[in-house]
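A short write-up of the structure that comes next.
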Amino acid sequence: MPHSADLNPAQARRITALVLLGCLAAFTWQALRYDTVQDDAYITLVYAKHLAAGEGLVFNPGERVEGYTNFLWTLVLAVPHLLDIDALTAARALSALCAGLLFALLAHMAQRQQPVTPWPYALVPPILLASCGAMAFWTTSGMETALFALLITAGACGYARELSGEQSRSTAWLFALAGLTRPEGFFFFGLTLVHRSICHLHESRFDLRDALRWGAPALLTFAAHSAFRLLYYGHLLPNTLYAKTGARDVLLHYGWQYTQGFLKSYGIYGLLLAVPLLLLIHPKQRDWRSYRALLITSCVLYTTLIGGDVLDAHRFYLPILPLIYLSAQDALHVMARTLPARLTPALPLATLTAVALYSALAPRDGLEYAQLSMQAHNARLFELADCINSSPHATPLIATGAIGITKYLTQARVIDLIGLTDSTIARHPARVAGLQSPSILRQQNAPYVLDRQPDMICFITGLKPQTLAEKTLFLHERFRRDYYTSFCSDRVPVFVRKPDAPTDTRDAVYPDPPFVEHYIAGLNAKGLAAIPHHQRAIETGPADFEEPHLRIGIAHYANQEHQAARPFLERAASIDPYTSWAYAYLALLELLNEQDLERALHLSHIAASLTPRSYFANYVRGSLLGGSDEPQAGKAFLQQALALGGDKDAQCHYKLALIAYYAEGDIAEARRRCKQAIAVQPDYPDARQLLATLEANEQAPASVPRQ
């Protein structure tokens, strides 16, 4: 890095401007690369929409529960709803604006350190921020992260001006806005007030009245917001705090895991976090350096103690990254001053390059995984919302752990299984022992959920229970008795309340919970390896639990062990006559092994009637009808299967080609369908054989098996 004396001010400004433009371009590229929207952003949009509609700050109209932690962001997003503007687009645009302002503010703060660090070092913080994929990831999420990071950095900037002897009346106001954006904003303000008081005590000029006057904007804002909470929601603390509360050892376990992930991705295994503390050795700007160290270390301790974040990509640590990068600027200059002249500027420049590349490349796989996971998660929820909107109920009651999209895009009333927006579950959880939980979100109250008799229960990952709230449902006889597996599509299984389910609350809780873990292990295993786990679930679980029988039958069928599959499929259907896939597989067995088309058609009719949106049930029904005397009915079911999407599209196209050729005499359509089947599955011999026959003789039907 050249010394500032090597360039005149005009040249320095031009280079600074070019570097900042490059930083913004790099950051924009990362934002586009990791572009994704969080389902939690839709929770805020639900509250904002209801506020704009005059229904209040509520998730379900009539239920006052503070299920959000971003009061100011929620108020802001009510505006696009009032103006009939797409609120999600507005949220993402505003977040991008906040990120741009953060770059400008960080560059300004870096330049203010010039009395200690010369001009080139002021480029360090913007360069490091541009390399941060996590900040880019959250900028496109629709959430308040970029705004919160901007306000915390702005508050720290205001306080830095005060430490340098300038007058600044904005510090407490900025922290007040930060506190309204996220509760941690008041935590950062408290740290600032403590640091200011200690500095004044050290200088023998501490005055309590002065401290109260200085902090009045934030203190009064905190008091006013607390009073609003108490009067409007009936509680001083947000409902989400109770929903995320767990045992101390659980919080520490997940908190330390979360902190380790951050240290590995952006802290260079703790090195960058040690820098602010090491800088305290030097006497210059000790107040400013100690303030940065206080905020950074306190944030790490706080985040670890509360258990971290349930979402990926280091969201809770982003507000302190600008302060970490300012410390890195400081440290590089200290390095340059202590190095021999021949190593300056090469070594500081090499260090900056290494840190920036590490920051950009080390977290890349984790960010891409988080992006793909959230995109797949959202896609399932969009399908779920479409399914709910086609429900015969005008206002169905849905119980789920993925509540944002589910609520925002439907008119359903939603029970949050983990309690974020439900005060009963969050504040009065039921206790159960013997089940594992892979998440810090452990609140559940299955009796309360089942008492409300939701029309549909939806798990976060589909069929497999993941959270404690989902697993516990399987212990209850009411859940196993009153709900059956249906499908919005085969990618989105849901549990639907049976039309003949009793309205009373008779229930019994199975006393041996580990059978649920055996069942989950079976769902996680592949092929025949799943059978021992499901067999163990059968041996240790309740007699009315049909799912392990079904899964063993499917595993045998997939391995072409048809006779071994039959008793398990029949047992599943006898335990619960609503087990649609048992009928679908039994229909195939009837046709394959006994050539009993009439019974196969009957069984496929039951399967398709129970789950009309199941790809597999429609495929089986359409395949059987296509080979019967009702080919047009079969065509409709096969087309419905293709519209739903699944893993047998090649077979669907081939069977539609057979119907077009034999039943309709439409050779052109048959050829087109064969080509589509081959495009999906290039090595499909039956489709290739039929296509060759069609192209050789377009007029006379050939002897091709009608499969």
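The values are calculated or read from the model by the stated rules, or taken from the named source; none is laboratory data. Note that the structure is a prediction, hence the values are computed from the model and not measured. Cβ sites come from the backbone with ideal geometry, for glycine too, and all protein chains shown count toward neighbours. Quick note on the areas: whole protein, heavy atoms, side chains included, nothing else; ligands and nucleic acids left out. Shrake-Rupley method; radii C 1.70, N 1.55, O 1.52, S 1.80 Å.
Around PHE487, which amide H atoms from residues at least 5 apart in sequence, or from another chain, sit under 5 Å from its own amide H, with H modelled in the peptide plane?
So PHE487 has HN proximity to VAL494, ARG613.
Let's test the formula: R0 of 60 Å, r as the Cβ-Cβ distance of SER226 and SER609. What FRET efficiency results, to the nearest 0.05?
0.65
Could you work out the relative contact order of the stretch 439-506, using alpha carbon pairs under 8 angstrom and six or more residues apart, expressed as a whole percent?
34
Among TRP256, TRP288, what's the order by accessible area (1.4 angstrom probe), most exposed first?
TRP256, TRP288
What ranking, highest mean first, results for peptides 321-330, 597-606 when packing means the other Cβ atoms within 10 Å averaged over each residue?
Per-residue Cβ counts within 10 Å, averaged per peptide and sorted highest first, yield 321-330, 597-606.
How about LYS655: which lysines have a C-alpha closer than 24 Å to its C-alpha, ignoring those fewer than 8 places off in the same chain?
LYS635, LYS675
As a test question: what accessible area, to the nearest 10 Å², does HIS225 have when a 1.4 Å probe is rolled over all protein chains in place?
Roll a 1.4 Å probe over it and HIS225 shows about 10 Å².
Over the stretch 1-96, calculate the relative contact order: mean separation of alpha carbon pairs under 8 Å at least 6 apart, over the residue count, as a percent.
Taking the mean separation of contacting Cα pairs over the length of the stretch 1-96, I get 19 percent.
Return the percentage of antiparallel bridges among DSSP beta bridges fully within the chain, rounded to the nearest 5 %.
In the chain, DSSP labels about 60 percent of beta bridges as antiparallel.
Below 8 Å, C-alpha to C-alpha, sequence gap of six or more: please give me the relative contact order for the chain in percent.
About 10 percent, as a whole number.
For SER204, SER290, write out the residues from largest to smallest accessible area, computed with a 1.4 angstrom probe and no ligands counted.
SER204, SER290
Considering the chain, which cysteines have no disulfide-compatible partner, defined as another cysteine with its Cβ under 4.7 Å away?
So far as the 4.7 Å Cβ criterion goes, CYS23, CYS98, CYS132, CYS157, CYS199, CYS299, CYS458, CYS652, CYS674 stand without a partner in the chain.
Would you calculate the volume per residue, in Å³, of the smallest convex hull containing every Cα atom of the stretch 25-71?
Taking the convex hull of the Cα positions in the stretch 25-71, it is 93 Å³ per residue.
Could you check the spin-label model distance between ALA93 and ARG205? Points 7 Å from the Cα along Cα→Cβ, value in nm.
The two pseudo-label positions are separated by 4.7 nm.
Tell me, what does the Kirkwood hydrodynamic radius of the chain come to in angstroms if you use every pair of distinct C-alpha atoms?
About 29.0 Å for the chain.
At a 1.4 Å probe radius, which order do TYR291, TYR557 fall into by accessible area, largest first?
TYR557, TYR291
Quickly estimate the mean residue ellipticity at 222 nm for the chain, helices only: each DSSP H run with n ≥ 4 gives -39500 (n - 2.57), and the total goes over all residues, rounded to 500.
-19500 deg cm²/dmol
Sort 415-424, 434-443 by packing, meaning the average of other beta carbons within 10 Å per residue, with the highest value first.
415-424, 434-443
Mean Kyte-Doolittle of at least 0.0 and a Cα length of 24 Å or more along the axis: which whole DSSP H helices of the chain meet both?
9-33, 87-112, 145-163, 184-202, 208-233, 286-305, 321-338
So if I average 1/r over every pair of distinct C-alpha atoms in the stretch 411-454 and take the inverse, what Kirkwood radius in Å does that give?
After inverting the mean inverse Cα-Cα distance, the result is 11.2 Å.
For the stretch 202-301, just say rounded, prolate or oblate: build the C-alpha gyration tensor, square-root its eigenvalues into a ≥ b ≥ c, call rounded for a/c under 1.5, and beyond that prolate if a/b exceeds b/c, oblate if not.
The shape class here is oblate.
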